[in-house]
Amino acid sequence: MEKDFLKVIETRRSCRKYKPEQITDEELKAVLEAGTYAPTSRGMQSPYIVAVQKKEVLAKLAKMNAEIMGVTSNPYYDAPTYVLVFAPSLANNPVQDGSCVLENMMLAAHALGLGSCWIHREREMFATEEGKQLMEEWGLPEGLMGIGALALGYPEGEPAPAKLRKPDYFRVIK
């Protein structure tokens, strides 16, 4: 394994504080493209990725997520970009496929110097009529479920150091 790639994995942290400036189109494209190279069940490429930067839509998504979470704060931490991942609910492994897409994008974001944080509750958000209407407006096919999202942007401040790994995290059986 290349040392630089292992370093990206070891140093990526969830970012919960973002600068207000928008990321560049080139950075966004690189993150999204990384998501498209995630492994998917039987190579079906079943997930869909939607990047949102439009302020009115960001506010709507934050409100929807906050209502499900039962808070008034922004669950996306006021990041300037949200990246949503969907998959057909009847796909072989929709959650696993979408999770691989999200992880690829988080690692790519970190390699580019961007901050990201995996956000939950998209499954509940896009099961609502409001969520289904948004998916239709975005030209997505019917039958999709929300898998997760990323808050994405330039980090404000330095990431926390890695926590020590638990000593019995893995086993090797020979």
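Search segment 30-53 for residues being among the hydroxyl-bearing types (Ser, Thr, Tyr) and part of a helix (DSSP H, G or I), and hand back the single one that is most open to solvent (accessible area, probe 1.4 Å). Among residues in segment 30-53 that are among the hydroxyl-bearing types (Ser, Thr, Tyr) and part of a helix (DSSP H, G or I), the one most open to solvent (accessible area, probe 1.4 Å) is THR36. Quick one: is ASN65 among the polar types (S, T, N, Q) and touching a Lys or Arg at 6+ places or on another chain (Cβ under 7 Å)? Considered against the rule, which asks whether it is among the polar types (S, T, N, Q) and touching a Lys or Arg at 6+ places or on another chain (Cβ under 7 Å), ASN65 comes out as yes. For segment 117-149, a tally of residues being in contact (Cβ under 8 Å) with a residue 60 or more places away in the chain, within 21 Å of PRO80 (Cα to Cα) and either β-branched (Val, Ile, Thr) or open to solvent by less than 60 Å² (accessible area, probe 1.4 Å) (or both) returns 8. Scanning segment 128-156 for residues that are touching a strand residue (DSSP E or B) at 6+ places or on another chain (Cβ under 7 Å) and among the hydrophobic types (A, V, I, L, M, F, W, C) returns MET135, TRP138, LEU140, LEU144, MET145, ILE147, ALA149, LEU150, ALA151, LEU152. Does SER73 satisfy the criteria of being more than 14 Å from the chain's Cα centre (by Cα), open to solvent by 50 Å² or more (accessible area, probe 1.4 Å), under 18 Å from SER14 (Cα atoms) and hydroxyl-bearing (Ser, Thr, Tyr)? Considered against the rule, which asks whether it is more than 14 Å from the chain's Cα centre (by Cα), open to solvent by 50 Å² or more (accessible area, probe 1.4 Å), under 18 Å from SER14 (Cα atoms) and hydroxyl-bearing (Ser, Thr, Tyr), SER73 comes out as yes. Among the residues making up segment 60-75, those that are farther than 13 Å from LEU134 by Cα and not acidic (Asp, Glu) are ALA62, LYS63, ASN65, ALA66, ILE68, MET69, GLY70, VAL71, THR72, SER73, ASN74, PRO75. Among the residues of segment 103-116, the ones that are aliphatic (A, V, I, L, M), outside any loop (DSSP other than H, G, I, E, B) and buried (at least 24 other Cβ atoms within 10 Å of the Cβ) come to 3 in all. Just the residues that are among the aliphatic types (A, V, I, L, M) and outside any strand (DSSP E or B), please, taken from segment 117-141. Within segment 117-141, MET125, ALA127, LEU134, MET135, LEU140 meet the criteria. Given the condition at pLDDT 95 or above, within 16 Å of GLY98 (Cβ to Cβ) and in a loop (DSSP other than H, G, I, E, B), answer yes or no: does some residue in segment 142-151 qualify? So far as segment 142-151 goes, yes, one or more of its residues are at pLDDT 95 or above, within 16 Å of GLY98 (Cβ to Cβ) and in a loop (DSSP other than H, G, I, E, B). Among the candidates GLU27, GLU56, the residue that is exposed (fewer than 13 other Cβ atoms within 10 Å of the Cβ), under 22 Å from GLY153 (Cβ atoms) and not basic (Lys, Arg) is uniquely GLU56.
Taking residues in segment 152-164 that are open to solvent by 60 Å² or more (accessible area, probe 1.4 Å), and partners anywhere that are outside any loop (DSSP other than H, G, I, E, B), the pairs with Cβ atoms closer than 6 Å and at least 6 places apart or on different chains are GLU156/TYR18. Note on segment 58-96: residues that are without any contact (Cβ under 8 Å) to a residue 24 or more places away in the chain and assigned to a helix (DSSP H, G or I) total 5.
The values are calculated or read from the model by the stated rules, or taken from the named source; none is laboratory data. Just so you know, these numbers come straight off a predicted model, no measurement behind them. Because the Cβ atoms are built from the backbone with ideal geometry, glycine has one as well, and the counts that use them run over all protein chains shown. For the accessible areas, the whole protein counts, side chains as well, though only heavy atoms, and no ligand, DNA or RNA atoms are used. Shrake-Rupley method; radii C 1.70, N 1.55, O 1.52, S 1.80 Å.
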